[in-house]
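A.B. asks: Below are the structure tokens for one structure; questions will follow.
Throughout, read-outs are computed from the coordinates displayed, never taken from laboratory work. If you're wondering where the values come from, they're calculated on a predicted model, not measured in any experiment. Reconstructed Cβ throughout: ideal geometry from the backbone, glycine too, with neighbour counts over all protein chains shown.
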Amino acid sequence: MRERTRKLWAQQDRHPGDRRRLFRAVATAIDTASVLYPGSYVDIAPSFVFPSVTYVDTDARAADFFADERGVLEVIASHARAPADPEVAFRHADYRSDLRLPEASFDLLVSLYAGFISEHCARYLRIGGTLLANPSHGDVAMASIDPRFRLAGVILARAGDYRVATSNLDDYLVQKSPMALSPGLLHERGRGVAYTESAFAYLFERVS
């Protein structure tokens, strides 16, 4: 493993095991084999859990990180219960562009701190597949008004542990200050929406 690869991962993994626990919680709730992670930077935690992950990022450091294929696989293998033969792919691209990936071919689409991924990458998610989104940059709000998605669960965090809840979902996505949401407004705001009942992240099923 190159020293640069080691350092980039160490900088990413500032709270060791946190993202792995998040993705393990997701794995307990949905049947997932293939994952698309736009805006990933060097967060390879999904590969600690899922057998096939495609990462997308424009950052040159991410491209350099994933170019060290052996090093990336070593990081994955160092985590207990990681897939035995993980498939790792990387696209050095803007997720808003054509990624040249088969449409409706992924089970899970990951949107964490990277903008409106659901808007641009839903086409790569199969019908019945799941969008995992957190609310920081507004993608939860975007998915909530997208007819292609329905809320299927929420991820609750406590003391570094995560669990998926699928009951009482009507309590979520209720705005504290009601406003008529639209893609244009969300782009203009560039941030999330405050809800009366919050969750760490949300799971949306692609229904159309």
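A.B. asks: Using a Förster radius of 30 Å, what is the FRET efficiency between Ala93 and Lys176 based on their Cβ-Cβ separation? Nearest 0.05, please.
C.D. replies: The value I calculate is 0.25.
A.B. asks: Okay, moving on. Quick one: if you stick a label point 7 Å off each Cα along the C-beta vector at Val207 and Glu69, how many nm between them?
C.D. replies: Distance between label points: 4.1 nm.
A.B. asks: Output the antiparallel fraction of DSSP beta bridges having both residues in segment 3-206, as a percent to the nearest 5.
C.D. replies: 45
A.B. asks: What is the Cα coordinate range of segment 49-138 on the first, second and third principal axes, sorted by size from largest, in whole angstrom?
C.D. replies: 34, 30, 27
A.B. asks: Note down the net charge around Asp64, summing +1 for each Lys or Arg and -1 for each Asp or Glu among other residues with Cβ under 13 Å from its Cβ.
C.D. replies: Taking every Cβ under 13 Å from that of Asp64, the sum is 0.
A.B. asks: What dipole magnitude, in Debye to the nearest 20, does the chain give about its Cα centre under +1 on Lys/Arg Cβ and -1 on Asp/Glu Cβ?
C.D. replies: About 320 debye.
A.B. asks: Under a Cβ-Cβ cut-off of 13 Å, what is the net charge of the residues other than Tyr202 that fall near it, where Lys and Arg count +1 and Asp and Glu count -1?
C.D. replies: Taking every Cβ under 13 Å from that of Tyr202, the sum is -4.
A.B. asks: Please turn the phi angles of segment 61-76 into ³J(HN,Hα) values with the Karplus equation 6.51 cos²θ - 1.76 cosθ + 1.60 (θ = phi - 60°), one per residue in order, whole Hz, x for glycine and proline.
C.D. replies: 5, 5, 4, 5, 4, 6, 5, 7, 4, 4, x, 4, 5, 5, 4, 5
A.B. asks: How would you rank 73-80, 108-115, highest first, on the average number of other Cβ atoms within 10 Å across their residues?
C.D. replies: 108-115, 73-80
A.B. asks: Could I have the simple spin-label model distance between Ala60 and Ala80, label points 7 Å from Cα toward Cβ, reported in nm to one decimal?
C.D. replies: Each label point is offset 7 Å from its Cα along the Cβ direction, giving 4.0 nm.
A.B. asks: For the chain, what's the relative contact order in percent, using C-alpha pairs closer than 8 Å and at least 6 residues apart?
C.D. replies: 19
A.B. asks: Along the Cα→Cβ direction, 7 angstrom out, place labels at Leu156 and Arg6. What is the inter-label distance in nm?
C.D. replies: Those two pseudo-labels are separated by 4.1 nm.
A.B. asks: How are the alpha carbon pair distances in segment 3-206 distributed across 5 Å bins from zero to the largest one, expressed in percent?
C.D. replies: That works out to 1, 7, 16, 20, 21, 16, 11, 5, 2, 0, in percent per bin.
A.B. asks: Add +1 for every Lys or Arg and -1 for every Asp or Glu among the other residues with Cβ under 10 Å from the Cβ of Glu103, and state the total.
C.D. replies: +2
A.B. asks: Give me a comma-separated list of calculated 3J(HN,Hα) values for segment 7-12, in order, Karplus coefficients 6.51, -1.76, 1.60 applied at θ = phi - 60°, integers in Hz, x for any Gly or Pro.
C.D. replies: 3J(HN,Hα) across segment 7-12, in whole Hz: 5, 4, 5, 4, 5, 6.
A.B. asks: Give the distance, in whole Å, between the Cα centre of segment 161-197 and the Cα centre of segment 10-82.
C.D. replies: Each part reduced to its Cα centre gives a spacing of 26 Å.
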